[in-house]
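Structure, as structure tokens:
The values are calculated or read from the model by the stated rules, or taken from the named source; none is laboratory data. Keep in mind that what you see is a predicted model, and the values were worked out from it rather than measured. Cβ placement follows ideal geometry from the backbone for every residue including glycine, while neighbour counts extend to all protein chains displayed.
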Amino acid sequence: MNRDSESITDSTQIPSKSFPKIHPLKSKNTLAVSARDIDYILAAKNMASKLRLPYHALTQDLKYTDGYDYLLLISGEGVGIAKTGKKAPAPVYVDFTSGAVAHRRKYGGGKGQDIAKAIGLNKQGRLSVFDATAGLGRDAFVLATLGCQVTLFERVPFVRALLASGLEQAREHKEIADIMVNMQLVDGTLGSYQQESDVKADVVYLDPMFPHTEKSAAAKKEMTFFRELIGHDADADDLLDTALDVAKYRVVVKRPKDAPYLNNKKPTYQINGKSGRFDVYVLQSLDKINNG
């Protein structure tokens with residue numbers, strides 16, 4: 001990562017007047033921005049100003065830090081998020097180059113994966129996809145690996161900062177350079193994009209946050225973080241209607257296995273997995289791409 005604080009800003013192609021006022025944090029003292037060492041203090045202060053979050057001078061180990069439940073950390077590793085206090089786990093970073101993401105890229109099953117079938121890659125080899133709820137970008141990365149041109153939207157500002165940093169870091173790795181050119185993080189939301197542009201995508205992909213009450217030890221650390229900070233997408237039903245307006249051929253919604261349909265709209269068909277499912281809303285056949 002470039003140590004110049006300006007390198008942490010994200011490059012976008014679609015302008016947006018401002019981030020929508022959504023997902024207020026549960027406490028104004030819940031999240032702050034910090035630098036992990038002195039070289040990144042200016043960058044951290046700039047990001048705090050941009051995200052309208054407080055800046056916290058980190059003077060001790062995370063497990064001894066109080067006053068904020070979470071810190072958005074700026075360092076040579078990029079932008080990460082960490083829980084503070086006793087037994088605090090390691091910070092979470094968006095990483096497309098190692099761990100589970102890299103393993104899935106190499107051994108995940110290619111176009112035989114459920115997400116690939118739901119998007120329609122068993123019918124068309126290269127599709128344009130709007131990922132309207134990009135989060136940490138993992139599903140978008142899978143689709144980009146399989147040849148899709150993926151436009152990512154993430155409306156929660158601090159999550160977007162994590163994602164932008166991860167994309168920046170990944171673009172420095174030659175091994176996945178051909179994949180990263182297929183991923184573009186843009187400003188604003190799917191709704192604001194719809195108002196500003198007539199361009200549509202072949203497929204719109206949705207993975208809205210769903211309220212969970214169970215406290216499974218197997219729950220992923222980052223999902224626990226986000227549920228505590230963000231909650232769930234209370235307007236997910238409205239997002240489906242927007243997606244149906246923006247998609248050319250289909251909308252794909254990722255849902256927990258027992259979750260209700262978005263907006264009570266029954267999908268054209270479903271693809272069921274072990275713990276979740278994909279609801280597929282077909283607008284017209286993908287075969288029309290080849291037939292003009």
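Just one of the listed residues (Leu58, Leu42) is among the hydrophobic types (A, V, I, L, M, F, W, C), in a loop (DSSP other than H, G, I, E, B) and more than 12 Å from Phe158 (Cβ to Cβ), and it is Leu58. May I ask you to say which residue of Lys117, Lys174 is assigned by TED's automatic domain parsing to the domain that holds Val282, in contact (Cβ under 8 Å) with a residue 12 or more places away in the chain and charged (D, E, K, R)? From the options Lys117, Lys174, the qualifying one is Lys117. Leu72 passes every criterion in (1) over 30 Å from Gly273 (Cα atoms); (2) over 20 Å from the mean Cα position of the chain (by Cα); (3) buried (at least 21 other Cβ atoms within 10 Å of the Cβ) apart from (2).
Every residue, every condition in (1) buried (at least 21 other Cβ atoms within 10 Å of the Cβ); (2) over 17 Å from Arg105 (Cβ atoms); (3) modelled with pLDDT under 95, yes or no:
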| site | (1), (2), (3) |
| --- | --- |
| Cys148 | yes, no, no |
| Thr151 | yes, yes, no |
| Arg155 | yes, yes, yes |
| Glu172 | no, no, yes |
| Leu185 | yes, yes, no |
| Leu190 | yes, yes, yes |
| Val199 | no, yes, yes |
| Val203 | yes, yes, no |
| Leu206 | yes, yes, no |
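Looking at the stretch 255-292, which of the residues that are of a type in the set (Asp, Glu) and surrounded by fewer than 15 Cβ atoms within 10 Å (Cβ to Cβ) is farthest from Val203 (Cα to Cα)? Of everything passing the filter in the stretch 255-292, Asp258 is farthest from Val203 (Cα to Cα).
Can you confirm whether the stretch 254-269 contains a residue that is of a type in the set (Val, Ile, Thr), under 20 Å from Gly191 (Cβ atoms) and at pLDDT 95 or above? Within the stretch 254-269, none of the residues are of a type in the set (Val, Ile, Thr), under 20 Å from Gly191 (Cβ atoms) and at pLDDT 95 or above. Within the stretch 265-279, residues that are farther than 19 Å from Ala243 by Cα sit with their Cβ atoms under 9 Å from residues that are assigned to a loop (DSSP other than H, G, I, E, B), at 6+ positions apart or across chains, in these pairs: Asn272/Lys257; Gly273/Lys257; Lys274/Lys257; Ser275/Lys257; Gly276/Lys257; Gly276/Ala259. Of the residues in the stretch 85-94, at least one is closer than 15 Å to Asp139 by Cα and either outside the structural domain of Tyr249 (by TED's automatic domain parsing) or crowded, with 20+ Cβ neighbours inside 10 Å (or both). Taking the condition in the same structural domain as Ile119 (by TED's automatic domain parsing), in a loop (DSSP other than H, G, I, E, B), closer than 29 Å to Gly76 by Cβ and not basic (Lys, Arg), does Asp187 pass? So Asp187 passes the test. Selection of the stretch 244-292 for residues being farther than 21 Å from Gly125 by Cβ and assigned to a helix (DSSP H, G or I) yields Leu244, Asp245, Val246, Leu262, Asn263, Asn264. State whether one or more residues within the stretch 70-82 are modelled with pLDDT of 90 or more and within 30 Å of Ala247 (Cα to Cα). No, the stretch 70-82 has no match at all.
A single entry from Gly120, Gly135, Gly188 fulfils the requirement of being over 21 Å from Asp245 (Cα atoms) and of a type outside the set (Lys, Arg): Gly135.
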